[in-house]
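The values are calculated or read from the model by the stated rules, or taken from the named source; none is laboratory data. Fair warning: this is a prediction, and the values are worked out from it, not measured in the lab. Positions of Cβ are generated from backbone atoms using ideal geometry, with glycine treated the same way; all protein chains shown enter the neighbour counts.
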Amino acid sequence: MKKIAILIAAVLLIGSGNVFAQKKEVNKAKAKLNSETPDYKAAKDLITPALTDPETKDLADTWFTAGKINYKIFDGEQRKEWLGQKVDSKLMAESLMACYDYLVKADEIEQTPHLDKKGNMVTDKPKFRKEITEIAGAMQNGFINAGAYYFREAGNASDNEQVASELYHKAIDCFEKYLSYPELKFWDAEKAAALKADTLIDDIQYYCGAAASQAGDSKTALKYFKQLLGVYKPEEEMYQFVIYEYGRLEDTVAMMDMYKLCSQKFPQNPFYARSLVNEYLQKNNLDEAMRWIDQAINNGDSTSIFYNLKGQIIEHQAQALSDEAADLKLKAKDLQTEANNLKKAKKNAEAEAKQNESKSLTAQSEAKSAEATKLLGDVEQWFIKAVAQDSESADSNGNLGRIYYNRAVEELDRVNAIKDDKEYRAAKAQMKSVFEKPLKYMEKAHALNPEERDYVVALRGIYYNLGKGYENKYQEMDALMKSM
């Protein structure tokens, strides 16, 4: 029994020896820190193992000592910088970041309730808080410089995307440490309120967003840029940053919501309405595209692009109505044929029903055809405005020329159908002026965009119908069309 007791005592002594050994290392680190000629590197080497040792890692003294050592390393480099001496910027930044984490940990441990000898839950009177607040207050601006250091290093490493991204995120970590100051638990109420009123907060949030954007971390960039909407100047630039990051995330819904918001908030800038129009055109949502085109025009954006697009959309709508009218007309004709056959079969009631249905479809067809004709009448004015705004637009010239050319072809078909020879010759004589109307627009469009086959085909037809004096040009367009 005595031997067992001795063995237990030996084990306890061995364990106690490890505790004392680690505490001794902490004391040695403090001695290196506080000596007349401090050796901060040696102090750091001594304290580092104590941060993970089970016997010392839960002691506030361990973390406070580690924090103070790193602060002294940071402060030493900072003083060199002030004196214009060579500085180890990386060491300065790393020491600053470590100091912050260690001081926060020390205060957290000190403020953690624990059981006293009587079994009561108590919180000890803080031993290190006063010095922690002094050190933390003295080093706050260092996080701006440390973040700037990592930001510069990331820019220098731009040829290595992974390294650059890691450095940008280190910059964000530094800036976020600065932003966390108002929430640290060791400030009194007055100091915390002063930190919350810090005028640099918006700037630091912007730096976080910028670093995240450079790193390709759009989610983090949005976190900060969105906080600055309506706050940071220039105001519009923040909205554009948010739009850009949504675009990178391919979040089209959020991006279009921002376009809509900005088009209302900054109506003088046509970029947002134009972007919306483009998005809706890509989705083939012509009604919404037209709505934003009209809004842009009403806001004073009288660009050729919008006039041209409005004309094209109206023309598309007119063509859709014409197609519907043609389909209805064909169905009406088929129903009338059925009605005629039923009449022959003496099925008069059924024949009348079919005939009424045919008449209804014919009326619908005529209504849609009339609506299409009205729309096509509006198209010309928008293409005219587009050309007036930008006479060097191939698209606008080509569209206006095409409208006039199609009308000329329709008129030619009408003339060719005339049975009376005298009337035909009189009408035919007028056709030259009809085909001259699209000529200058199609020639301009072709000169601006010679690769567009539609312009070549139209010019070939125009030259052919103009006849005398245009034979060589016809031959040129005919050969060009066949080579395309």
Screening TYR424, TYR405 for residues that are touching a Pro at 6+ places or on another chain (Cβ under 7 Å) and either within 30 Å of GLU452 (Cα to Cα) or of a type outside the set (A, V, I, L, M, F, W, C) (or both) leaves only TYR405
Log entry, pairs with first residue in the stretch 330-354 being closer than 17 Å to GLU366 by Cβ, second being aliphatic (A, V, I, L, M), beta carbons closer than 8 Å, six or more apart or on different chains, reads LYS331/LEU361; ALA332/LEU361; LEU335/LEU361
Within the stretch 386-411, restricting to residues that are over 39 Å from the mean Cα position of the chain (by Cα) and crowded, with 20+ Cβ neighbours inside 10 Å, the one that is nearest to THR303 (Cα to Cα) is TYR404
The residue that is farthest from the chain's Cα centre (by Cα), considering only those in the stretch 234-292 that are closer than 24 Å to LYS310 by Cβ and of a type in the set (Phe, Trp, Tyr), is TRP292
Residues of the stretch 447-475 being of a type in the set (Lys, Arg) and either modelled with pLDDT of 95 or more or under 51 Å from the mean Cα position of the chain (by Cα) (or both), in sequence order, are ARG453, ARG460, LYS473
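Results for (1) at pLDDT 95 or above; (2) aromatic (Phe, Trp, Tyr); (3) buried (at least 19 other Cβ atoms within 10 Å of the Cβ); (4) under 19 Å from ALA98 (Cα atoms), shown as yes or no for each residue.
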{"residue": "ASN145", "(1), (2), (3), (4)": "yes, no, no, yes"}
{"residue": "TYR149", "(1), (2), (3), (4)": "yes, yes, yes, yes"}
{"residue": "ALA164", "(1), (2), (3), (4)": "yes, no, yes, no"}
{"residue": "TYR168", "(1), (2), (3), (4)": "yes, yes, yes, yes"}
{"residue": "CYS174", "(1), (2), (3), (4)": "yes, no, yes, yes"}
{"residue": "LYS177", "(1), (2), (3), (4)": "yes, no, yes, yes"}
{"residue": "ALA193", "(1), (2), (3), (4)": "yes, no, no, no"}
{"residue": "ASP202", "(1), (2), (3), (4)": "yes, no, no, no"}
Residue count, the stretch 433-454, condition surrounded by fewer than 15 Cβ atoms within 10 Å (Cβ to Cβ) and either under 13 Å from ALA408 (Cα atoms) or of a type in the set (Ser, Thr, Tyr) (or both), comes to 2
- [ ] Tell me, yes or no, whether the stretch 115-123 has at least one residue that is free of Cβ contacts under 8 Å to residues at least 24 places away in the same chain and assigned to a helix (DSSP H, G or I).
- [x] no
Expected output for the stretch 209-236 (first residue free of Cβ contacts under 8 Å to residues at least 24 places away in the same chain and more than 25 Å from ALA157 (Cα to Cα), partner among the aliphatic types (A, V, I, L, M) and surrounded by fewer than 17 Cβ atoms within 10 Å (Cβ to Cβ), Cβ below 9 Å, 6+ apart or cross-chain) is GLU235/LEU229
Scanning the stretch 50-72 for residues that are polar (S, T, N, Q) and surrounded by fewer than 24 Cβ atoms within 10 Å (Cβ to Cβ), the one nearest to GLN111 (Cα to Cα) turns out to be THR56
| task | Determine whether the stretch 449-461 contains at least one residue that is part of a helix (DSSP H, G or I), of a type in the set (Gly, Ala, Ser) and touching a residue at least 12 places away in the same chain (Cβ under 8 Å). | result | yes
Being polar (S, T, N, Q) and over 26 Å from GLU166 (Cα atoms) narrows GLN227, GLN282 down to just GLN282
Among GLY216, GLY209, the single one that is modelled with pLDDT of 95 or more and outside any helix (DSSP H, G or I) is GLY216
Sole miss for PHE383 among (1) outside the structural domain of LEU309 (by TED's automatic domain parsing); (2) surrounded by 21 or more Cβ atoms within 10 Å (Cβ to Cβ); (3) not small (Gly, Ala, Ser) is condition (1)
The residue that is farthest from the chain's Cα centre (by Cα), considering only those in the stretch 39-95 that are in a loop (DSSP other than H, G, I, E, B) and either within 30 Å of THR123 (Cβ to Cβ) or aromatic (Phe, Trp, Tyr) (or both), is GLU55
When restricted to VAL415, VAL409, the only residue over 15 Å from GLU315 (Cβ atoms) and in contact (Cβ under 8 Å) with a residue 24 or more places away in the chain is VAL409
